[in-house]
Amino acid sequence: MIFKAVKGQTSYGEAIGILLLDTFSPFIYGDVGNAASYQYPVRFKRIDGLTVERIFDHDLGFVEKMIAGARELERQGVKAITGDCGFMAIYQKEVKASVNVPVFLSSLLQIPFIAATLPEDAKIGIITANSRSLTPDVFKKIGVKDDPVVIFGLEDSRHFKEAVFDEIGFLDSDRIRQEVVGIAKELTAGNPAVRSILLECSMLPPYGKDVQQAVNLPVYDYLTMIDYVYSSVVKKRFKDAM
């Protein structure tokens with residue numbers, strides 16, 4: 001078998017490229033920004049200046065930097081590009097038009113799929129980092145309807161806020177777990193039509209199992225989406241059963 005080098009590519013085998021916010025928070029195991037969260041190699045690219053504050057303000061001034069980052073990842077050989085914040089939905093249209101590989105920047109892109117698995121009158125509960133910023137415009141940017149969703153946010157949860165909004169430089173995963181589970185219980189208790197949960201924030205997958213145990217519902221997050229796309233761009237070969 002003959003293999004050909006790609007000019008300018010420095011390493012090989014990273015099928016998934018991930019555009020990161022410019023943040024000062026630890027990425028624990030299970031976080032989108034932690035390479036150990038995956039069963040396959042990934043490549044990261046930080047978008048300098050795109051802070052949590054700017055993404056929550058829907059700052060469209062970073063479109064060109066997002067495009068440049070995506071193109072760099074493509075040049076380095078990735079087969080698909082995602083992000084580490086659901087609010088990157090605001091850049092989805094422009095970025096996907098700028099490269100020749102699949103782009104799935106926001107965890108919110110899973111909403112149509114989740115809705116298709118549920119009865120017509122069912123709702124999807126979204127636990128987001130910031131419910132005040134998760135406006136209808138964010139959903140419109142990715143062509144997703146927001147009518148089947150119920151949104152609860154963590155912006156007023158002390159320990160999550162300190163780690164994500166205030167960027168104190170560390171997080172207490174046990175306390176944040178308690179906050180996330182508490183929000184999930186509140187969401188489902190007040191909204192019995194909710195039949196699935198979507199964790200919007202890239203920092204929430206580590207708590208998905210705890211949420212599922214607490215509310216006994218399917219739980220989707222960034223990693224469910226990334227793993228799904230990976231399985232489509234890197235197929236495995238099945239040998240005949242012995």
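Mind listing just one residue for me: the one in the range 115-137 that is more than 15 Å from the chain's Cα centre (by Cα) and β-branched (Val, Ile, Thr) and, of those, nearest to GLU64 (Cα to Cα)?
The residue in question is THR135.
Confirm whether LEU171 is crowded, with 21+ Cβ neighbours inside 10 Å and hydrophobic (A, V, I, L, M, F, W, C).
No: the conditions fail for LEU171.
With the requirement that a residue be in a strand (DSSP E or B) and not hydrophobic (A, V, I, L, M, F, W, C), what does the range 15-31 give you?
GLY17
Pick from TYR220, TYR228: which is without any contact (Cβ under 8 Å) to a residue 60 or more places away in the chain, closer than 22 Å to ASN34 by Cα and of a type in the set (Ser, Thr, Tyr)?
Of the residues listed, the single one that is without any contact (Cβ under 8 Å) to a residue 60 or more places away in the chain, closer than 22 Å to ASN34 by Cα and of a type in the set (Ser, Thr, Tyr) is TYR228.
Any residue in the range 192-208 that is outside the structural domain of ASP31 (by TED's automatic domain parsing) and within 16 Å of SER37 (Cα to Cα) sitting within a Cβ distance under 7 Å of a residue that is among the basic types (Lys, Arg) and outside any loop (DSSP other than H, G, I, E, B)? List the pairs, counting only those 6 or more apart or interchain.
TYR207/ARG177
Return the residue satisfying two criteria in turn: it lies in the range 1-29 and is surrounded by fewer than 20 Cβ atoms within 10 Å (Cβ to Cβ) and of a type in the set (Gly, Ala, Ser), and of such residues it is farthest from PHE104 (Cα to Cα).
Checking each candidate, the answer is ALA5.
Out of everything in the range 63-91 that is out of contact with any His (no Cβ under 8 Å at 6 or more places or on another chain) and either under 21 Å from GLU155 (Cβ atoms) or polar (S, T, N, Q) (or both), what residue ends up being surrounded by the fewest Cβ atoms within 10 Å (Cβ to Cβ)?
Top of the filtered list is GLN76.
Checking SER107 against (1) under 22 Å from TYR228 (Cα atoms); (2) surrounded by fewer than 20 Cβ atoms within 10 Å (Cβ to Cβ); (3) of a type in the set (S, T, N, Q): exactly one of these is not met. Which one?
If we test SER107 against (1) under 22 Å from TYR228 (Cα atoms); (2) surrounded by fewer than 20 Cβ atoms within 10 Å (Cβ to Cβ); (3) of a type in the set (S, T, N, Q), just (2) comes out false.
Would you tally the residues in the range 118-132 being surrounded by 13 or more Cβ atoms within 10 Å (Cβ to Cβ), out of contact with any Lys or Arg (no Cβ under 8 Å at 6 or more places or on another chain) and farther than 18 Å from TYR207 by Cα?
1
For VAL180, are the conditions met, namely being in the same structural domain as MET203 (by TED's automatic domain parsing) and not in a loop (DSSP other than H, G, I, E, B)?
So VAL180 passes the test.
Is it fair to say LEU187 is crowded, with 20+ Cβ neighbours inside 10 Å, under 17 Å from the mean Cα position of the chain (by Cα) and either of a type in the set (Ser, Thr, Tyr) or under 12 Å from ILE124 (Cα atoms) (or both)?
So LEU187 fails the test.
Return the residues of the range 108-161 that are modelled with pLDDT of 95 or more, hydrophobic (A, V, I, L, M, F, W, C) and assigned to a loop (DSSP other than H, G, I, E, B); say none if nothing qualifies.
LEU118, ALA122, ALA129, LEU134, ILE142, LEU154
Working only within the range 30-62, note down all residues that are β-branched (Val, Ile, Thr) and surrounded by fewer than 18 Cβ atoms within 10 Å (Cβ to Cβ).
Matches in the range 30-62: THR51 only.
If the Cβ limit is 7 Å and pairs must be 6+ apart or interchain, which residue in the range 32-61 that is part of a helix (DSSP H, G or I) and at pLDDT 95 or above pairs with which residue that is surrounded by 18 or more Cβ atoms within 10 Å (Cβ to Cβ) and of a type in the set (Asp, Glu)?
SER37/ASP31
The values are calculated or read from the model by the stated rules, or taken from the named source; none is laboratory data. As the structure is a computational prediction, the values presented were derived from the model and not from experiment. Positions of Cβ are backbone-derived with ideal geometry, glycine not excepted, and every protein chain shown enters the neighbour counts.
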